[in-house]
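The values are calculated or read from the model by the stated rules, or taken from the named source; none is laboratory data. Not measured: the values here are computed from a predicted model. As a convention, Cβ positions derive from the backbone with ideal geometry for all residues, glycine included, and neighbour counts pool all protein chains shown. Note: accessible area is taken over every heavy atom of the protein model, side chains too, but ligands, DNA and RNA are not part of it. Shrake-Rupley method; radii C 1.70, N 1.55, O 1.52, S 1.80 Å.
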Amino acid sequence: TITFTHGKHTIKLINKATNANSYVRIGGFKTSKKSWIINEGIIGLSTATLLSRNILDSTLDGTDDVILFMLGTNDRAEAGGVEGFKKRLNDALDKINTLSPNSKIVLMSSTFANTDAPTSPYKFDMGTVDKIIASVAKERNLMFISNYKALAQAFIDGESVLSDGLHLNDLGNKYYYETIRKKLFDY
């Protein structure tokens, strides 16, 4: 067992030599990077429901290297308005830091929504969500990915990236993937 910068890993070495007394000197090794993705993207989830249902407790186990965290769309209808959302977002980040203290957290905002403030029940718009998440990321020195801004040009160009006015279709998912990939490889 060897401890690396990004956690503890077990390496299995097998000697397949025919002479049991033979040995090998390890001058280095190559690893394949693997990603394990847990999608807790539950329809209707907000920071309020994330915290009240203890979803983070059942998802994070302290071995997470990178956590992509994107909430806020449904917070537009929660009590407390903008300040309530910002407080709950910080509470959720504090919880993540407790449960997985060595992980790198990447905050993300979602895209435009056809159903937006001041349409009931929404108290603020997705642009505000983007700004709140960006400000929290800056205050906490976290990486921030604005999917809101990344898809702005697609909307301006008349591209159809939403399947129902809120959720992404295949093209929208492709844009998200490209935005996240570019940002993470720069990181």
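Annotations for the structure displayed:
- Annotation for K174 and K131: the two label points, set 7 Å from Cα along the Cα-Cβ direction, are 3.3 nm apart.
- Geometric descriptor of the range 39-187, per residue, is 111 Å³ (volume of the convex hull of the Cα atoms).
- Surface accessible to a 1.4 Å probe, per residue, for the residues of the range 50-187, Å²: 53
- Taking amide H as placed 1.01 Å from N in the peptide plane, the amide H of I67 sits under 5 Å from that of K104, I105, V106, each at least 5 places away or on another chain.
- Distance-filtered residues of the range 49-66 - backbone nitrogen under 17 Å, label point 7 angstrom along L142 Cα→Cβ: 49-52, 54-66
- Here the range 87-187 has 52 percent of its accessible surface on carbon and sulfur atoms, given a 1.4 Å probe and all protein chains in place.
- Pairwise centroid distance, computed over Cα atoms, of the range 141-185 with the range 64-123, Å: 17
- Computed over protein heavy atoms with a 1.4 angstrom probe, the accessible surface ordering of S58, S109, S160, largest first, is S58, S160, S109.
- The overall shape of the range 92-164 is prolate: from the C-alpha gyration tensor, with semi-axes ordered a ≥ b ≥ c, the ratio a/c is 1.5 or greater and a/b exceeds b/c.
- When each of K87/K174; K123/K149; K95/K174; K95/K131 is checked by Cα-Cα distance, pairs over 28 Å: K87/K174; K95/K174
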